[in-house]
Every structure is written in C-alpha cells, then in structure tokens.
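J.: Below is a structure I'd like to ask you about.
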Amino acid sequence: MAENIAGNIILNSSMNNHILNHLPYKSSFRFVDNISLLSENEVRGEYTLKQDSFFYEDHFAGNPVTPGVIITEIMAQIGLVVLGIFLILKETDLNFSDDDENLFPLLTSTDVSFFKMVLPGQKVTVVSKKQYFRFGKLKCYVEMLDSEHEVVAKGMFSGIIKNIELKK
Amino acid sequence: MTRQEILSELKTVISPYTTNKEMLAGIDDQTDLIKDLKINSANLVDIIIDAEAKYDIEIDYDSADKMVNVGTCIDVISEKLSEKI
C-alpha cells in the first residue's frame, strides 16, 4: 500500500479487483472490468461494452446504441457499489465472504444528465467522488468519460446496502 | 430556541424532500416523515445532514434513529442545541 498526497490509501490494482469478487452481479448484468483507483473518497473504474450484449439487439433494431438505463447502471456499479462495499469492509473489518449472501446494494436516487452516445465495443471510464457516507447511505458525484476523456454522462447517485433475507 | 421556532425552520429543511407541500404547511409533532410526508427513507439521511449544517450540531446514530416524526426531530435538535451552550 502506498499513501498518495491527500493521505488516502491507494490499494494496488490486484487488491482493488479483489472487491469485484464481492459484487452480486453476474454475467450479462455485471458492468465493471477493472478498478484502477480506490480510496475512501474516490473510485475510478473501466468497462468495455460488449458487442453482443443483450440490449443491443432491440435498442435499436439495426442501430445499436447503449441505453441510458445501462449507462446509469455502469455508473452506479462502479461509482456507488464498488466504493460502498470498500467502505463497509473497512468499517466493519468483517470477513465479507462468510456473510455476504444476503447483502444487496439498493439504488435510492439518481439524477443523471447524458451528453454523448456510447456504441457497442466502446470503453468507458467512471470516476466517482464521495459526497458523504453516513447511516449506511452513500452519496457520490459520478462522471462517465469516453476514451477521448469527454464527458458522456454525469450526476448524483445515492444508495444503501441492505441485508435482505430472501424467501427460500 | 422554542419548539415552535424549530418547527417552522424544520419545514424549510424538509421542503426539498417532499412533494406534499399542503401537508408540510400543516405539520405537527405527530406528523410521520415517511408515512405522512411520503419522504424516501434514504432522504431522511439528507434531512439529518441538512439539520446538522443549519444548527451546527452533530447527530449521532442513536439520535438519528429516533427521528421518525416531526416531534422526535424537534426533540433531538433541541437536545443537541442545549448541549452546545
């Protein structure tokens, strides 16, 4: 571990990506490839849109464009869920893997503006800055950038992680 | 600061988080933030943070847990204000 100028602990990338094992999303709904920066106040991660993702076939037929709701989901998974899991692990010192089966991240509000289209195969970068993490609620200002570092979308995201006992 | 004064200021704090402005105008101690004012439960955290900034107080986890209706919100705020002096 190294300390950056702000005094935040920056984990190396293999440790960052260890967090990905805790994400509850699988296959077609997992939108994080890599976490390049993770600290108590900020997270940065990347995702490359798959050419054969299920939503391109119908959105739009013959003219595939990434839906805004998927852009929002990518921003939430990297910007809120990855940071949220990191903060909870840090706070509780709890061995997550023993006990994480009933933990689900829930989005409580979003307010996003979209600026550019994202096409199949494009790589996007999400940068999220923590506004606060209190009483179990995480609020972040999140931006998505394309490979030219231009803003694709930006907005405020909030969510909580809840322990839900699902009916078996 | 009297309970009445806190109540009227609380209306301003709560206002951004409820669309039910008619109900907000007539709130009293019994008004439930979630059931009556239909506030998104995650926004209770924002109300607490806004109240902390407004009164320059710190609301801990146990106090926050009590803040379910207008009366208990006023209780916590006046308690924290009196601790300040």
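No value in this document is a laboratory result; all are computed from the given coordinates. Quick caveat, the model's predicted, so the values are computed rather than measured. Neighbour counts run over all protein chains shown; Cβ positions are idealised from the backbone, glycine included.
J.: Do me a favour and compute the ellipsoid semi-axes for segment B:3-84 from its Cα gyration tensor, root of five times each eigenvalue, largest one first, whole Å.
T.: Numbers: eigenvalues 71, 36, 25 Å².
Result for segment B:3-84: semi-axes of 19, 13, 11 Å.
J.: Now for a separate question. Where Rh denotes the Kirkwood radius from the mean inverse Cα pair distance, what is Rg over Rh for the protein assembly as shown? Intermediate values should be presented prior to the final figure.
T.: Details: Rg = 20.9 Å, Rh = 20.3 Å.
Ratio of gyration radius to Kirkwood radius for the protein assembly as shown: 1.03.
J.: Can you pick out the pairs among A:90/B:84; A:26/A:162; A:129/B:80; A:162/B:38; A:129/B:66 whose Cα atoms lie more than 28 Å from each other? Provide the component values of the computation, followed by the final result.
T.: Working: A:90/B:84 31 Å; A:26/A:162 19 Å; A:129/B:80 30 Å; A:162/B:38 20 Å; A:129/B:66 30 Å.
From A:90/B:84; A:26/A:162; A:129/B:80; A:162/B:38; A:129/B:66, over 28 Å: A:90/B:84; A:129/B:80; A:129/B:66.
J.: Right, another one. Quick one: net charge of residue B:7's neighbours, Cβ under 12 Å, K/R +1, D/E -1?
T.: Values: positive: B:3, B:11; negative: B:5, B:9, B:28, B:29, B:75.
It works out to a net charge of -3.
J.: Going down the list A:137/B:11; A:137/B:35; A:154/B:54, which pairs span over 25 Å between their C-alpha atoms?
T.: A:154/B:54
J.: Sticking with this structure for a sec: When a footprinting reagent is the concern and you count Cβ atoms within 10 Å, what order do A:44, B:3 take, fewest first?
T.: B:3, A:44
J.: What's the average, rounded to a whole number, of partner chain beta-carbon atoms within 10 Å of each residue's beta-carbon in B:58-67?
T.: The per-residue average across the peptide is 1.
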